[in-house]
Amino acid sequence: MAKRRPVIITCAITGAIHTPSMSPHLPATSDAIVASAVAAGRAGATILHLHARDDETGKPDQSVEGFANIVPAIRAQTDAILNLTTGGSPYMSVAERVRPAAHFAPELASLNMGSMNMGLFPMLARHPELGGWEKQHLEGSRDLVFRNSYQDIAHVLDACRDNGTRFEFECYDTSHLYNLAHFADQGAVEPPFFVQTVFGLLGGIGAHPDDIAHMRRTAVRLFGDDLVWSALGAGAHQMRVAATVAAAGGHVRVGLEDSLWAGPGQLATSNADQVRMATSLIEGLGGLVSSADEARALLKLQTQKAFA
Ligand SMILES: [Zn+2]
């Protein structure tokens, strides 16, 4: 009998793109992030991708202290794989961005594979009511380069190397796949390569099925059997990209970091909701959701160091 393919669901809990006033359901305090992550894990998420926020303002917070308010509490309540961001916010330096991953030695950390424009300002049209830091966060992106130079990428690899942390390589365009191939050629990263292709964010590749096919084809050509391919679609593209990628043999990422929506004009009420929607897609296509231990074996994650 043919076996069902295990599909990894990564759930990105809060991120650093959306701001608290955009949705009452975006977890924007430590307690809310912990509760939302634990619930997403219970709903079946294989991997939880984490950012922290300032408890007072809801602003992205890349301090070790900020992550100390969420990481041990989530770790204690779920067996899901924890993935700490090194992307942080596009306004932060790489030295600042890598600190939580270097400190907490997670099984996985994200790693952005190239510099790019990152246009968050189109969201202002939908949220004209925003003020203060939230408005500035979007307005400022008109003149923002999200810097991920070769030196920056090497800095993250060096800072995490001794911890045994492995990576979710975030690739927002074709050139980022070639950057990963460069680091692979240098022996700076070890296979298998967990490649998170990102579709539909202004500044990166679009979310047309041709874009998805092109990124997949290129990644398969560059990495062959060493590729573990996952993808996310930004905003309204989220579930369509998830369905396309799951049908094409990939893994999926959902979560309120990537989209606040559950359907046209309908806010998602939780991260767990989006995990359940992705689960329905995967099971409808004849797959099943990967357990954390299946994913640990597939991605060759190393034994977890004790969390501080
Ligand atoms: Zn992130």
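Give the calculated FRET efficiency between D226 and E129 to the nearest 0.05, with a Förster radius of 35 Å applied to their Cβ-Cβ distance. Here the calculated transfer efficiency is 0.15.
Rounded, prolate or oblate: which fits segment 6-298 when a ≥ b ≥ c are the square roots of the eigenvalues of the alpha-carbon gyration tensor, with rounded for a/c under 1.5 and prolate only if a/b beats b/c?
Since a/c stays below 1.5, the shape of segment 6-298 is classed as rounded.
Enumerate the whole-percent occupancy of each 5 Å bin, from 0 to the last occupied one, for all C-alpha pair distances of segment 172-308. With 5 Å bins starting at 0, P(r) equals 2, 10, 18, 20, 20, 16, 10, 4, 1, 0.
Close amide-amide hydrogen proximity is noted between A207 and G200, each under 5 Å apart and 5 or more residues distant or on a separate chain (H modeled in the peptide plane; Pro and chain starts excluded). Per residue of the chain, the DSSP helices (runs of n ≥ 4 H) give a summed -39500 (n - 2.57) that works out to -11000 deg cm²/dmol at 222 nm. At full extension, D293 and R161 could sit 45.3 nm farther apart than now, given 0.36 nm per residue minus the alpha carbon distance. Karplus-derived 3J(HN,Hα) values for segment 263-269, using 6.51 cos²θ - 1.76 cosθ + 1.60 with θ = phi - 60°, are x, x, x, 10, 5, 6, 8 Hz; glycine and proline are entered as x.
Ignoring the sites themselves, what is the longest stretch of the chain with no GluC sites (Glu not before Pro) in a DSSP loop and at most 13 other beta-carbon atoms within 10 Å? With GluC sites (Glu not before Pro) excluded where exposed in loops, the chain gives 130-308 as its longest stretch. Between amide H atoms placed 1.01 Å from N, distances below 5 Å from R53 occur with D61, all of them 5 or more places distant or on a separate chain. Which one, G114, L50, T279, is farthest towards the positive end of the dipole of the chain when Lys and Arg carry +1 and Asp and Glu -1 on their Cβ? About the Cα centre, the residue reaching furthest to the positive side is T279. Charged side chains reduced to their Cβ positions (Lys and Arg at +1, Asp and Glu at -1) give the chain a dipole of some 660 debye around its Cα centre.
Under the definition of Cα pairs under 8 Å and six or more residues apart, what whole-number percent is the relative contact order of the chain?
Once normalised by length, the contact order is 24 percent.
Coordinate-derived values only; no laboratory data. Keep in mind it's a predicted model, so treat the numbers as computed, not measured. Because the Cβ atoms are built from the backbone with ideal geometry, glycine has one as well, and the counts that use them run over all protein chains shown.
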